[in-house]
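The values are calculated or read from the model by the stated rules, or taken from the named source; none is laboratory data. All values reported here derive from a predicted model rather than from experimental measurement. Note that we place each Cβ from the backbone using ideal geometry, even for glycine, and neighbour counts take in every protein chain shown.
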Amino acid sequence: MASIRKELVVDVGTEPAWDALRRVGQPHTLFAPVLTGSDLDGDVRTVRFADGNVVRERILDVDEAHRRVAYAVVEPQGMTYHHASMEIGEAGPGRCTFIWITDFVPAEAAAGLQPLIDQGAAALKRNLERTVASPRASAARSA
């Protein structure tokens, strides 16, 4: 099994960031333009990527106490196993950390997953900082 861990600091407080991440039926708003649409049917989410790929994911957990969402790709193309989690952590006033961990088999799938994870994390940071007011983000824009 292989893993990819992506962690970055976002200039938005933990609560507004968690409020956006916990909306598992609307990932296309948080991860645009990497994702272009999504549908949620029970615990199965269908996401559409900008490149035209469509993926079905089962939402495994939305953990309010730990600000963590876990999901698994139902039909992993090119993989025999996929599980991922995204978590919002503390990083000081008006800031949070975003941690995305993806476990998968085979390890060779990393070549396709890493760019999507990098692009998705950058989109989340950009979208949150653009749409959620925070003292640090507002100060940075004013400077």
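Of Pro106, Pro115, all but one fail to be surrounded by fewer than 19 Cβ atoms within 10 Å (Cβ to Cβ) and farther than 22 Å from Arg48 by Cα; the exception is Pro106.
When each of Val47, Val69 is tested for being under 19 Å from Leu128 (Cα atoms), in a strand (DSSP E or B), at pLDDT 95 or above and not polar (S, T, N, Q), the lone residue that passes is Val69.
Under the condition of being surrounded by 19 or more Cβ atoms within 10 Å (Cβ to Cβ), of a type in the set (D, E, K, R) and touching a residue at least 24 places away in the same chain (Cβ under 8 Å), the residues counted in region 72-94 number 0. Taken over region 74-121, residues that are part of a loop (DSSP other than H, G, I, E, B) and in contact with a Ser or Thr (Cβ under 6 Å, 6 or more places away or on another chain) amount to 2. Would you confirm, using the coordinates I've provided, whether Leu40 is within 15 Å of the chain's Cα centre (by Cα) and surrounded by fewer than 17 Cβ atoms within 10 Å (Cβ to Cβ)? Answer is no for this residue. Scanning region 28-44 for residues that are touching a residue at least 12 places away in the same chain (Cβ under 8 Å) and either more than 23 Å from Thr131 (Cβ to Cβ) or not in a strand (DSSP E or B) (or both) yields His28, Thr29, Leu30, Phe31, Ala32, Pro33, Val34, Asp43, Val44. Being touching a strand residue (DSSP E or B) at 6+ places or on another chain (Cβ under 6 Å), at pLDDT below 95 and of a type in the set (Asp, Glu) holds for only one residue in Glu7, Glu75, and it is Glu75. Taking the criterion of being surrounded by fewer than 16 Cβ atoms within 10 Å (Cβ to Cβ) and of a type in the set (Phe, Trp, Tyr), no residue of region 20-34 qualifies.
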